[in-house]
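Below is one structure, written out as C-alpha cells; comments come after it.
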Amino acid sequence: MNLTKLLSIGLIATMGFSCTTNEKKEEEKASGVFPHAMPEIKPNIPLSAAMDRMFDYPAPRVQDNPLYTLFKYSEIDGFDYNGGDGTISRRDPSRPILVNGKYYIYYTKRHTIVPPIGSRRAVEATDEIPSTDWDLCDIWYATSKDGFSWEEQGVAVKRPQKPTQGWRSVATPDILIWKGKYYLYYQAFSEPSGLRGDWCPVSVSVSDSPEGPFELGKANVIPNGAKGEWDQDVIHDPFPIVFNGKIYLYYKGTYNKWEDKRDKYAVAVGLAIAEDPLGPFEKNTLNPVLNSGHETCFFPYKSGVATIVTRDGNERETVQYAEDGVNFKVQSAISLPPIAGGPYTPDAFTNSDNASGIKWGVSHFTNQGQRGKGYSIIARFDCDLSTDEPDKFFKGSNVFHKSDVYFKQGLGGKKKSIKAATMVK
Ligand code: AAL
C-alpha cells in the first residue's frame, strides 16, 4: 500500500470517527436519550438513579471494573479429615504470608473424640466434647511452595493451661508482620462457645519466626465495647494490615442479639488502630465501618483499603473500598465470595501507597459432613482484584449453577406444609 493511500484511509477513518463522536454528542443533546455506545464518563443528560450511580463504580461495565472478580476454588489435598467423620476440622485460615520462598497459613484446627454437639447444647460440653466447630481447638500452620499444595506442619499456638485466657479454645487467627516479628491475633475462649453467645476476648502471640514458637504477647488486646455499645459482647475475626504507617485491625461484632433477642441479630465490622502490635488499640470514632459482613477480609489497594464483604447484611456479597480505610463504598456485587477468606496480599505490611491488591488466597467451607458430624475444610480461591493487567477469565459477569444447587436449598417456613400437602395429593 502506498503512502498516499495509507494517509487517505487514515484521514477518512479520523473523519469517520469524529463524525460519529460529534453525531453521538448531537444525538445526546437532541434527544437526551442514553446512547448506544457506553459513555466513558457520566453523560450530561437526565439520568435515572440507577444509571447515574453506574458511573460512581470504578468502571460502568462490570467486566472493566478492577474491583470486580469471579472466584474460582481448588481443593487442597494433603489435609486429613478422618474420613469426614466430624472429628477433625480446619477453618478460618489466615492470609498466606511468603517468607524465604515459602507460603505459611495459620488456621483453627479441631481434633476431638466426637463431632461438635452444637452451641444450643453448650452446657453439655466437656473437656473432650466440643460445643461448636471452633471449640476445643488449637492454631495450626501449614506451608506451601506454590499455594496449591500444602503441608501441615504442627501447632503454632496451643491452648494454654487453665486459667490463662484461651484455655478452652484458640481460634480464628490472622497474622501481622511488624518490624521483623510475627504476630498472631486470635480468639481466646475460656468457656465453651455457646454458653454466653460466642464470647471470647482477642489475644496476640508473638514469634521471631513464622514457624514459632509463638509466646503470648497480650491477652484482651482489643477490649470489648462498654455495656450498651455495639461491640459490647463480640470482638471476632481480628484482621490486621499496615496502613498509614500504623496497624489497622478490623474485627467483626455481632450485636442487637444477646441475651434475649437472638432473632434480631445484626453484624458489623469495626476498626481499631495501634502503633504497636501489643496496643493500645484505639477504636475508630466512626465505628462500625461496615454495615455488613462476617469473617473479615481486607487488603491495601492502591492508596486505600479494599474489602470483600461475604455474608450478612444489606451489602453482603460486595467488594468495597475506602481511600481512608474508614469510609467504605460498594465497588461491585460479587458471587460465590470466599468465606473467611485470607487473601495472599503482597502489600499487606509494606505500607505502600500504590498497593497491588490480590489474586488468590485460602478460605473455608463449613457444613461439611453428615448431620451431627459437622466439620469444615480449607480450600484455595483464585480471583483478580489486582492492579496488574486484568485476567479476563476472572472478569466474566455471571455464575451459573446446576439446578441441584437451587433444589438443595429446600423449602421452609409456612410454605413447607403447603408443598407437603400438595405433593400428597
Ligand atoms: C467464624 C468466625 C469466628 C466465630 C466462629 C469462629 O467463622 O466469625 O470464628 O467465632 O465463626
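The values are calculated or read from the model by the stated rules, or taken from the named source; none is laboratory data. Note that the coordinates shown come from a computational prediction; the quantities given were computed from them, not determined experimentally. Backbone-built Cβ (ideal geometry, glycine too); neighbour counts: all protein chains shown. Just so you know, the surface numbers come from the protein's heavy atoms only, side chains and all, with ligands and any DNA or RNA stripped out. Shrake-Rupley method; radii C 1.70, N 1.55, O 1.52, S 1.80 Å.
In what sequence, largest accessible area first, do His236, His36 appear using a 1.4 Å probe?
So, going from the largest accessible area down, we get His36, His236.
By DSSP, what percent of the beta bridges with both residues in the chain are antiparallel, rounded to the nearest 5?
Expressed as a percentage, antiparallel bridges in the chain total about 100.
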On the full set of protein chains, 1.4 Å probe, figure out the accessible area of Met38 and give it in Å² to the nearest 10. 80 Å²
Compute the distance from the alpha-carbon center of segment 154-232 to that of segment 70-129, in whole Å. 17 Å
Tell me the label-point distance for the pair Val33, Leu278, using the 7 Å Cα-to-Cβ offset, in nm and rounded to one decimal. 7.1 nm
Check: C-alpha center segment 272-294 vs C-alpha center segment 363-420, spacing in Å is 30 Å
Run down the lysines and flag those whose C-alpha is under 30 Å from the C-alpha of Lys227, throwing out any fewer than 8 positions away in its chain. Lys162, Lys218, Lys246, Lys252, Lys257, Lys261, Lys264, Lys283, Lys329
Please compute the Kirkwood hydrodynamic radius of the chain from all pairs of different C-alpha atoms, in Å with one decimal. 23.7 Å
With all protein chains present and a 1.4 Å probe, the order of Lys402, Lys415 from largest accessible area down is Lys402, Lys415
Residues of segment 60-152: accessible area per residue at 1.4 Å, in Å²? 44 Å²
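Can you give me the accessible area per residue for segment 253-353, using a 1.4 Å probe, in Å²?
For segment 253-353, the solvent-accessible area averages 43 Å² per residue.
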Setting aside same-chain residues fewer than 8 positions from Lys373, which aspartates and glutamates have a Cα under 16 Å from its Cα? Asp80, Asp85, Glu128, Asp133, Asp135
Protein-only accessible surface order, largest first, of Phe393, Phe34, Phe79 at 1.4 Å: Phe393, Phe34, Phe79
So, counting K/R as plus one and D/E as minus one, what does the shell of residues with Cβ under 13 Å around Phe281 add up to? -1
With all protein chains modelled, accessible area of Asp312 [1.4 Å, Å²]: 40 Å²
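Ignoring ligands, DNA and RNA, what percent of the 1.4 Å accessible area of segment 135-264 is carbon and sulfur?
Carbon and sulfur atoms account for 47 percent of the accessible area of segment 135-264.
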Using only the Cα atoms, what convex hull volume per residue in Å³ does segment 158-213 have? 74 Å³
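Based on the Cβ-Cβ distance from Lys402 to Glu211, what FRET efficiency comes out when R0 is 56 Å, to the nearest 0.05?
0.85
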Under a cut-off of 17 Å between alpha-carbon atoms, report the lysines in cross-link reach of Lys145, not counting same-chain residues fewer than 8 places apart. Lys102, Lys359
At 1.4 Å probe radius, can you tell me the per residue accessible area of segment 371-425 in Å²? 80 Å²
Ordering 83-89, 403-409 by per-residue average of other C-beta atoms within 10 angstrom, highest first, gives 83-89, 403-409
